[in-house]
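Notes follow the structure.
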Amino acid sequence: MDAATFRKAYGVSRETCERLEIFAALLTRWTKRINLVAPKTLDTLWSRHIADSAQLWTLRPDPCNTWLDLGSGGGLPGLVIAAIAAEENRTQITLVESDGRKSAFLATAAREMNLTPTIVTERIESLHLPKSSVISARALAPLPKLLELATQHAAPETVFLFPKGRNARSELTEAQRHWHIEQTEIASRTEADATILKITRAERRHDP
């Protein structure tokens, strides 16, 4: 997949695609210095990372006023979502990344893409942020730990969007030992053995 194929598949504007081309170039360049993505995945950057992130936007609730991306790292999915959301200009994106070097990448990329997300360089456990319409995280932690981190920033109506690989079912089974979860399992458009968990309820069990 290249930029033109991505644009056709996801129906984004030319301006959004140009922003994502800037992002792709920066991600490739910075990955040579810091660990943003696995270098061997750069040859399939548009499908493996950008399209994989963009598909989350199609799963958002309506309205979607705020989007919190935890462990944003190389801007996946956070900066991809911010680029697409800029077309509508009504969703405020917040990116959280505790690693200072990765946070610097996010700030640089956002500036060069002409985007204005909020970038927070703190540990997730230390955050005090308003509740968000959507909370996302990609390759951050197994689902039980992810729910511990994410639910503290959630309102009752928050939707969680968590891309998961082939272990999605086992992670869900493990999480359900300690959480009441209402979820939809959505097949990834980009990876045959991957799943997106769309969670609309997550409450910790208080069973004896």
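The values are calculated or read from the model by the stated rules, or taken from the named source; none is laboratory data. All of these numbers come straight from a predicted model, not from anything done at the bench. Ideal geometry is used to build each Cβ from the backbone, glycine not excepted, and the neighbour counts take in all protein chains shown. Surface accessibility is based on the protein's heavy atoms, side chains included, excluding ligands, DNA and RNA. Shrake-Rupley method; radii C 1.70, N 1.55, O 1.52, S 1.80 Å.
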Item to complete: Working only within segment 103-134, note down all residues that are of a type outside the set (Val, Ile, Thr) and over 25 Å from Arg33 (Cβ atoms).
Response: Glu125, Ser126, Leu127, His128, Leu129, Pro130, Lys131, Ser132, Ser133
Worksheet item: So Pro130 fits all but one of (1) in contact with a helix residue (DSSP H, G or I) (Cβ under 6 Å, 6 or more places away or on another chain); (2) more than 30 Å from Arg29 (Cβ to Cβ); (3) not aromatic (Phe, Trp, Tyr); what number is the exception?
Response: (1)
Worksheet, complete the sentence: Those residues of segment 178-202 which are touching a helix residue (DSSP H, G or I) at 6+ places or on another chain (Cβ under 8 Å) and open to solvent by 70 Å² or more (accessible area, probe 1.4 Å) amount to His178, Glu185, Arg189
Worksheet entry | Subset of segment 6-31 [out of contact with any Asp or Glu (no Cβ under 7 Å at 6 or more places or on another chain), surrounded by 17 or more Cβ atoms within 10 Å (Cβ to Cβ) and under 18 Å from Lys102 (Cβ atoms)] | Phe23, Ala24, Leu27, Trp30, Thr31
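Table: residues versus (1) farther than 13 Å from Phe162 by Cα; (2) open to solvent by less than 10 Å² (accessible area, probe 1.4 Å); (3) modelled with pLDDT under 95.
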residue: Asn35; (1), (2), (3): yes, no, yes
residue: Asp43; (1), (2), (3): yes, no, yes
residue: Ser53; (1), (2), (3): no, yes, no
residue: Ala83; (1), (2), (3): yes, yes, no
residue: Glu88; (1), (2), (3): yes, no, yes
residue: Ala104; (1), (2), (3): yes, no, no
residue: Ala107; (1), (2), (3): yes, no, no
residue: Glu112; (1), (2), (3): yes, no, no
residue: Pro130; (1), (2), (3): yes, no, yes
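For segment 149-168, state whether one or more residues are under 26 Å from Lys32 (Cβ atoms) and in contact (Cβ under 8 Å) with a residue 12 or more places away in the chain. If you could, list the steps in order and put the result at the bottom.
Quick first cut of segment 149-168, residues under 26 Å from Lys32 (Cβ atoms) only: 163, 165.
Okay, now just the ones that are also in contact (Cβ under 8 Å) with a residue 12 or more places away in the chain, so 163, 165.
Checking segment 149-168: at least one residue is under 26 Å from Lys32 (Cβ atoms) and in contact (Cβ under 8 Å) with a residue 12 or more places away in the chain.
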Practice prompt. Mind listing whichever residues of segment 112-169 are of a type in the set (Gly, Ala, Ser), over 17 Å from Ser72 (Cα atoms) and assigned to a loop (DSSP other than H, G, I, E, B)?
Written response: Gly165
